[in-house]
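Participant: Okay, here's the structure, questions in a sec.
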Amino acid sequence: TQARIGVTGLAVMGANLARNLARHGHVVAVHNRSHSRTKALVEEHGHEGVFVACETPEELVAALERPRRVLVMVKAGAPTDAVIDQFAPLLEPGDMLVDGGNAHFLDTRRREAALRERGIHFVGCGVSGGEEGALLGPSIMPGGSAESYAALGPMLEDIAAKVDGVPCCAHIGPDGAGHFVKMVHNGIEYADMQLIAEAYDLLRQGLGMSPADLADVFAEWNRGELSSYLIEITAEVLRQVDAATGRPFVDVVADRAEQKGTGRWTVQIALDLGVPVSGIAEAVFARSVSGHADLREAARGLPGPAATGGTVGGDFAEDVRRALYASKIVAYAQGFDQIRAGSAEYAWNVDPGALATIWRGGCIIRAVFLDRIREAYAAAEQPATLLVAPYFADALALAQRSWRRVVATAAELGIPVPGFSSALAYYDALRAERLPAALIQGQRDFFGAHTYRRVDRRGVFHTLWSGDRTEVEG
Ligand code: NBP
């Protein structure tokens with residue numbers, strides 16, 4: 001039998017995707033640099049479907065029906081280039097090389113252009129859902145040519161998560177579009193995790209609640225509008241007790257958040273595109289701050305309110321829940337703005353509604369909330385920002401008083417909430433009648449003759465600051 005698809009790179013992600021394909025009745029040729037992984041996969045899971053174990057790239061390519069489909073699941077960066085260099089000479093025009101790793105979309109654009117010259121379809125494909133998602137149904141974001149999607153899409157849709165019977169997989173757009181949206185997905189994930197962590201910190205310090213009690217609060221929140229995978233696992237993590245010490249798990253884990261880089265990429269690219277993704281940026285910086293043991297040690301004695309327990313009145317938990325929801329709306333709105341900006345910059349024509357649809361299941365940011373985003377983009381007129389889409393505008397209107405109370409309380413108690421406060425600042429900046437940017441323009445003109453525009457007349461102006469301070473048109 002000829003295999004329908006080949007998978008090379010059989011660490012957790014590749015092995016689980018290969019098993020997922022086999023379980024859906026696709027004959028899968030499997031290969032890994034070290035053959036032991038290939039053997040282990042077939043020995044342990046061979047009964048789940050039909051695998052063709054291959055020792056070399058040549059064997060894998062020979063095992064495939066044409067046009068060939070090869071899914072590469074190796075470490076992003078140099079290993080991906082090494083594997084492409086191995087496989088490309090073995091492939092023929094019309095064949096497809098799919099990179100399911102977390103590649104930078106600019107690398108994907110470069111690789112796609114190089115392979116296109118040889119007639120090979122290079123498909124940069126975002127895959128989200130971690131290990132379990134890969135096996136049971138991930139969210140899949142393939143870029144590349146429409147032609148490659150016609151040959152590959154049905155198989156990917158088969159193995160993707162389903163929500164209301166709709167697969168969490170859609171063609172995103174040409175070349176790097178798939179990896180770009182996966183990158184922003186991860187950036188949004190950073191922001192969402194930071195906001196949840198702030199909510200936890202506020203309730204723990206502000207109300208003096210225990211991790212076990214907080215697990216119940218998050219489990220309860222998971223039944224409402226915040227219902228999402230990240231809220232669900234937050235409850236699980238908070239409920240966990242350390243076996244060695246009997247203490248809450250969250251209290252024995254070192255408070256230094258690590259990162260692999262997709263959040264940082266999102267912010268770097270947002271800066272290049274000029275998109276204010278302040279929520280994602282604050283989340284990346286918050287992880288960075290947590291990791292600076294030297295700075296934290298040096299600053300520990302600085303004055304501020306002592307951590308308090310149980311001093312906050314009113315229905316603070318409900319205020320925090322609403323503030324979390326509002327801040328989350330801002331973070332997602334900013335992420336979708338970045339996708340629109342990237343799509344315009346690279347002429348990808350990404351459909352934000354289709355994207356929200358495939359993020360409803362399988363991926364780490366899956367949430368009931370994404371259905372609301374899908375609906376917002378399905379409207380006859382696309383909202384300029386999700387904040388003004390009717391559903392979200394109503395939600396923000398309902399939440400904004402709570403949001404302000406929470407940010408003010410956090411400041412008074414000395415609890416750092418960069419996510420909540422920057423989201424609120426963004427909301428207030430967008431809705432402001434006038435911003436102090438006018439003063440900044442004045443300063444720029446003063447020291448650098450950078451000129452400014454006026455509210456009442458067209459044209460560009462400069463004031464002779466070091467002269468008689470009259471205005472000239474410039
Ligand atoms: P890793 O990222 O840990 O990569 C290990 C695989 O890369 C092994 O198969 C290894 O082969 C292979 N490899 C390396 Br390293 N260098 C190679 C080279 N020069 N030539 C050939 N093969 C090479 O695996 P993973 O965690 O399964 O992730 C795979 C991809 O999926 C990554 O790009 C990752 O970013 C992405 N991803 C991961 C997740 C997740 O939750 N883990 C989620 C979504 C996407 P060997 O066995 O011979 O050493």
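The values are calculated or read from the model by the stated rules, or taken from the named source; none is laboratory data. Note that the structure is a prediction, hence the values are computed from the model and not measured. Positions of Cβ are generated from backbone atoms using ideal geometry, with glycine treated the same way; all protein chains shown enter the neighbour counts. With ligands, DNA and RNA removed, areas are computed over all heavy atoms of the protein, side chains included. Shrake-Rupley method; radii C 1.70, N 1.55, O 1.52, S 1.80 Å.
Participant: Kindly indicate which of Ser327, Ser343 is part of a helix (DSSP H, G or I), of a type in the set (S, T, N, Q) and surrounded by 21 or more Cβ atoms within 10 Å (Cβ to Cβ).
Facilitator: Ser327
Participant: Please name all residue pairs, on different chains or six or more residues apart, with Cβ atoms under 6 Å, provided the first residue is in the range 210-225 and is farther than 13 Å from Val237 by Cα and the second residue is basic (Lys, Arg) and open to solvent by 40 Å² or more (accessible area, probe 1.4 Å).
Facilitator: Trp221/Arg321
Participant: Wholly within the range 70-180, which strands (runs of 3 or more DSSP E) include no fewer than the required count, namely at least 1 residues that are within 15 Å of the ligand (Cβ to nearest atom) and open to solvent by 30 Å² or more (accessible area, probe 1.4 Å)?
Facilitator: Details: elements: 96-99, 121-128, 139-142.
Fully inside the range 70-180 and qualifying: nothing.
Participant: While we're looking at this one, here's another question. Inspect all residues belonging to the range 17-35 and state whether any of them is surrounded by fewer than 24 Cβ atoms within 10 Å (Cβ to Cβ), within 9 Å of the ligand (Cβ to nearest atom) and of a type outside the set (S, T, N, Q).
Facilitator: Checked against the condition, which is being surrounded by fewer than 24 Cβ atoms within 10 Å (Cβ to Cβ), within 9 Å of the ligand (Cβ to nearest atom) and of a type outside the set (S, T, N, Q), the range 17-35 yields at least one hit.
Participant: Where in the range 347-461 are there helices (runs of 4 or more DSSP H), lying fully within it, with 2 or more residues that are open to solvent by 70 Å² or more (accessible area, probe 1.4 Å) and more than 21 Å from Pro276 (Cα to Cα)?
Facilitator: Numbers: elements: 352-358, 369-378, 390-413, 418-431, 437-448.
It comes to 369-378, 390-413, 437-448.
Participant: What is the residue count in the range 54-69 for residues that are over 20 Å from Ala151 (Cβ atoms) and within 14 Å of the ligand (Cβ to nearest atom)?
Facilitator: Looking only at the range 54-69, we keep the residues that are over 20 Å from Ala151 (Cβ atoms), and these are 54-59.
Add one more test, that the residue is within 14 Å of the ligand (Cβ to nearest atom), and what stays is 54-57.
Of the residues in that region, 4 qualify.
Participant: Also: Looking at (1) touching a Leu at 6+ places or on another chain (Cβ under 7 Å); (2) farther than 30 Å from Ala331 by Cβ; (3) among the aliphatic types (A, V, I, L, M); (4) part of a loop (DSSP other than H, G, I, E, B), which is the only condition Val472 fails?
Facilitator: The failed condition is (4).
Participant: Please state which of the following conditions Trp221 fails to meet, knowing it meets all the rest: (1) in contact with a Lys or Arg (Cβ under 8 Å, 6 or more places away or on another chain); (2) on the phi > 0 side of the Ramachandran plot.
Facilitator: (2)
Participant: If a residue must be farther than 23 Å from Gly133 by Cβ, open to solvent by less than 50 Å² (accessible area, probe 1.4 Å) and in a helix (DSSP H, G or I), how many such residues does the range 223-275 contain?
Facilitator: Residues that pass the stated criteria total 5.
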